[in-house]
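Derivation of every value follows stated rules applied to the coordinates shown; laboratory data play no part. Everything numeric in this text was worked out from a predicted model, so none of it was measured. Glycine gets a Cβ as well: all are built from the backbone with ideal geometry, and neighbour counts include every protein chain shown.
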């Protein structure tokens, strides 16, 4: 099954603009993308609808991580997903160019919070996106076997169109 | 020299991008037949074609690829364009659907662009709405002839409705007058006048819009992307519609497809 993640050029610019902002103590910023899904023959399209920046006060000062989101920060997104059938994708950026990879911490921490989104919005894919300054990569957690699967293709819908394929 | 050696300026990956790309063309007569033929020539690899109609003698004046024999036999338009594409690019994958797109929408969902080459204004808006819901660029092609004997005017448009940019409604197309006129004429027999050369001009502009988003050959940023090109067949002009400057000056943001639940499948 092929999974495609579509996002407009404008939305990706907004995300980069937010992630560019320094934080008082966090080493980096993170956010969430709310998405809708479209089931396709032989696959799934995840359609990015909006970006939800993590508020300054919702970061936790934890030196183990570049950025740690508080329970309150997560609850805001959980509440959103409870009231609206959205797929939630956590997003952060690695300060590099080219196809970024997921760190061990990215994978282990995601494995902890992704199941929480199924508690409020079960049966659909939630996941994570990692950006670089000019590329992106994603993982979507399958709601059936609850394991992460690579997003096969990220499409930046704009002028020009851009594609990022899973490496 | 291979088939694409004269279009290498489109970029070193353009052949691969085109071969991998899947595009839908809805309506295969005046505008759609030209679009299909041009996309076959540039090397597009995957086509989804929609047209529920048989070819008729009255299509011979504008449908490229249609022969006298094809019109006389009443072949399906999808079959004619299917053969036309394969004649140019035997490797092309083609899904030819002899149906209204609304009865079989799924094949549209994984296309990277949808060309709407259909007559009805209401149907165009529906197709654009579907494309927006799937975050797929929609390119509309259409022409019109109006006036009275000895004083006819030919007009037309090629519009790119790109997610994240203004939609056709923002750009004032189609006008309320046209929609109202179409609603009043509902059920009346007879098609609007159509001729081959404006169809060809407008289809070329539409393909240009597609190629610009897929394989931009000039990286200089456009201050104002030409989403709406209008054609005046009397003055022989093509120009960017004045609404674009007005929309930019007003800093207008499209809100027609932005609300929660405007994207994807409806989930309860």
Tally the DSSP beta bridges in segment B:40-198 and give the antiparallel ones as a percent, rounded to 5. 60 percent
Where does each of B:80, B:114, B:201 land when they are ranked from fewest to most other beta-carbon atoms within 10 angstrom? B:201, B:114, B:80
Beta bridges per DSSP with both ends in segment B:116-246, % antiparallel, nearest 5: 95 percent
Write down the percent of antiparallel bridges among all DSSP beta bridges whose residues are both part of chain B, to the nearest 5. 55 percent
So what's the back-of-envelope 222 nm ellipticity for chain B, counting only DSSP H runs of four-plus at -39500 (n - 2.57) apiece and dividing by all residues, rounded to 500? -10000 deg cm²/dmol
Can you show me the helix-derived [θ] at 222 nm for chain A, built from DSSP H runs with n ≥ 4 at -39,500 (n - 2.57) apiece and divided by the number of residues, rounded to the nearest 500. -8000 deg cm²/dmol
Ranked A:163, A:141, criterion: other C-beta atoms within 10 Å, fewest first: A:163, A:141
Could you tell me how far the Cα centroid of segment B:206-236 sits from the Cα centroid of segment B:99-114, in Å? 24 Å
Of B:240, B:33, how do they rank once you tally other Cβ atoms within 10 Å and put the fewest first? B:240, B:33
I'd like the distance separating the alpha-carbon centroids of segment A:101-145 and segment A:32-86, in whole Å. 10 Å
Volume per residue of the C-alpha convex hull in segment A:44-167, rounded to whole Å³: 121 Å³
Could you state the orientation-averaged shadow area of the convex hull built on the Cα atoms of segment B:1-41, in nm² to one decimal? 3.3 nm²
Tell me, what are the semi-axes, in whole angstrom and largest first, of the equivalent ellipsoid of segment B:26-114 as set by the roots of 5 times the Cα gyration tensor eigenvalues? 20, 16, 10
Pairwise Cα inverse-distance average, inverted: Kirkwood Rh of segment B:184-268 (Å): 16.9 Å
Dmax and Rg, reported as Rg then Dmax, of the protein assembly as shown (C-alpha, Å): 23.6, 81
Measure of size requested: the Rg and Dmax of chain B, with Cα atoms as the atom set and Å as the unit; please supply both. 18.4, 57
Give the distance, in whole Å, between the Cα centre of segment B:45-62 and the Cα centre of segment B:127-204. 18 Å
